[in-house]
Amino acid sequence: MKHINQYQWILILGICVLIGLVSPPAWSQSPSAENQASVQPTEPKTDPSSDSFFEDDFFEEGPAGKAVAPVADPFFYFNYAMYVVNDNLYYYVLKPVATGYKTVMPTPARKGIRNFFHNLMFPIRFVNNLLQWKLEQASDEFGIFLVNSTAGILGFNQVAQKYLDMHTQKEDLGQTLGTYGIKEGFYLVLPVLGPSTLRDAIGMAGDYFVLDPIDYVSPWELELGLDVLDIINRTSFRIGDYESMKKAALDPYAAIRDAYIQNRRMQVSQ
């Protein structure tokens, strides 16, 4: 449905170059940048279907006790306003809907749907592995997709992970740009989508408009329905995690920002 022409790609690449050349100034830190809120570390989780704001990887903090280097937050007031909006959307819309969905939808069915969408996002992981020259991981991704799409019935069953001991890793264009030396730019909180940076927001747009198979679904109502189902289904597995994170933090905004930045830096370095 949506396509990026050559001029839009030139604009995106130009922005990426600017990010790579310009270091964030010291004065652009937010009023709370020095407030390093603590988040309880969690054990790493191996669920390969985790790839959104309210998913496993967002709540992983990395090595315990490791300080997070500040990230530029020049749009602090806008970001904080979006944080409040997203917080309310979670508590008053997403959580009630996901809770009701979890009540009526059996766990095996929810797991199957989660597996299906994870399998569907194969192009994003495969292409970004190639762009990062991770040929072995790209080969594994292709093998997993082939096995799960056939023996796993369109990916509803993760045959490759369960019986062949094959595993995927979250890879996206934001990580790819990071491996190319492109800096984070500055912190952003996007409406509905949650924490990001300028670099990751550009990467997210590239993944969505070019590599996301759902973006090519027609009509747009069906595309929107699939996106909403994916978000609700994944959230149904994570109810309570966001609340626990907020409760453990002295400053939830700073805690979410620091957890996101630390996790993304860890992903880029791997």
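The values are calculated or read from the model by the stated rules, or taken from the named source; none is laboratory data. Quantities reported herein were computed from a predicted structural model and do not represent experimental measurements. We place every Cβ from the backbone using ideal geometry, glycine too, and count neighbours over all the protein chains shown. What goes into the accessible areas is simple: the full protein's heavy atoms, side chains included, and nothing from ligands, DNA or RNA. Shrake-Rupley method; radii C 1.70, N 1.55, O 1.52, S 1.80 Å.
Restricting to the stretch 177-214, what's the tally of residues that are of a type in the set (A, V, I, L, M), touching a residue at least 60 places away in the same chain (Cβ under 8 Å) and in a helix (DSSP H, G or I)? Step through it out loud before you land on a result.
The initial filter retains those residues of the stretch 177-214 that are of a type in the set (A, V, I, L, M), namely 177, 182, 188-190, 192-193, 198, 201-202, 204-205, 210-211, 214.
This time we only want the ones that are touching a residue at least 60 places away in the same chain (Cβ under 8 Å), so: 177, 182, 188-190, 192-193, 198, 202, 205, 210-211, 214.
The next check asks that each one be in a helix (DSSP H, G or I); those that pass are 177, 198, 202, 205, 210-211, 214.
Residues that pass the stated criteria total 7.
Just the residues that are within 27 Å of Phe237 (Cα to Cα) and either open to solvent by 30 Å² or more (accessible area, probe 1.4 Å) or not in a helix (DSSP H, G or I) (or both), please, taken from the stretch 114-129.
Of everything in the stretch 114-129, those that are within 27 Å of Phe237 (Cα to Cα) and either open to solvent by 30 Å² or more (accessible area, probe 1.4 Å) or not in a helix (DSSP H, G or I) (or both) turn out to be Arg114, Phe116, Leu120, Met121, Pro123, Phe126.
Where residues in the stretch 153-174 are touching a residue at least 24 places away in the same chain (Cβ under 8 Å) and surrounded by fewer than 22 Cβ atoms within 10 Å (Cβ to Cβ), which of them is nearest to Ala109 (Cα to Cα)?
Phe156
Exactly one of these conditions fails for Gly155: (1) within 20 Å of Leu229 (Cβ to Cβ); (2) assigned to a helix (DSSP H, G or I); (3) touching a Ser or Thr at 6+ places or on another chain (Cβ under 7 Å). Give me its number.
Against the list (1) within 20 Å of Leu229 (Cβ to Cβ); (2) assigned to a helix (DSSP H, G or I); (3) touching a Ser or Thr at 6+ places or on another chain (Cβ under 7 Å), Gly155 comes up short only on (2).
Considering only the stretch 224-244, state which residues are open to solvent by 10 Å² or more (accessible area, probe 1.4 Å) and either within 21 Å of Lys183 (Cβ to Cβ) or touching a residue at least 12 places away in the same chain (Cβ under 8 Å) (or both).
Those that are open to solvent by 10 Å² or more (accessible area, probe 1.4 Å) and either within 21 Å of Lys183 (Cβ to Cβ) or touching a residue at least 12 places away in the same chain (Cβ under 8 Å) (or both): Leu226, Asp227, Leu229, Asp230, Ile231, Ile232, Arg234, Phe237, Arg238, Ile239, Asp241, Ser244.
Just need a number here: residues in the stretch 251-260 that are touching a Ser or Thr at 6+ places or on another chain (Cβ under 7 Å) and open to solvent by 20 Å² or more (accessible area, probe 1.4 Å).
1
Considering the stretch 215-234 alone, what residues qualify as being over 28 Å from Met266 (Cα atoms) and assigned to a helix (DSSP H, G or I)?
Asp215, Tyr216, Trp220, Glu221, Leu222, Glu223, Leu224, Gly225, Leu226, Val228, Leu229
Does Pro96 satisfy the criteria of being under 30 Å from Lys247 (Cα atoms) and open to solvent by 60 Å² or more (accessible area, probe 1.4 Å)? Give the steps one after another, and end with the answer.
Working: under 30 Å from Lys247 (Cα atoms): yes; open to solvent by 60 Å² or more (accessible area, probe 1.4 Å): yes.
Yes.
Could you give every pair whose Cβ atoms fall below 6 Å, whose first residue belongs to the stretch 76-105 and is within 30 Å of Gly185 (Cβ to Cβ), and whose second residue is surrounded by 17 or more Cβ atoms within 10 Å (Cβ to Cβ) and among the hydrophobic types (A, V, I, L, M, F, W, C), counting only separations of at least 6 or pairs across chains?
Once the first residue is within 30 Å of Gly185 (Cβ to Cβ) and sits in the stretch 76-105, its partners that are surrounded by 17 or more Cβ atoms within 10 Å (Cβ to Cβ) and among the hydrophobic types (A, V, I, L, M, F, W, C) give Asn79/Val189; Met82/Val189; Tyr83/Val189.
When you scan the stretch 130-152, how many residues do you find that are farther than 18 Å from Val268 by Cα and open to solvent by 70 Å² or more (accessible area, probe 1.4 Å)?
Count: 4.
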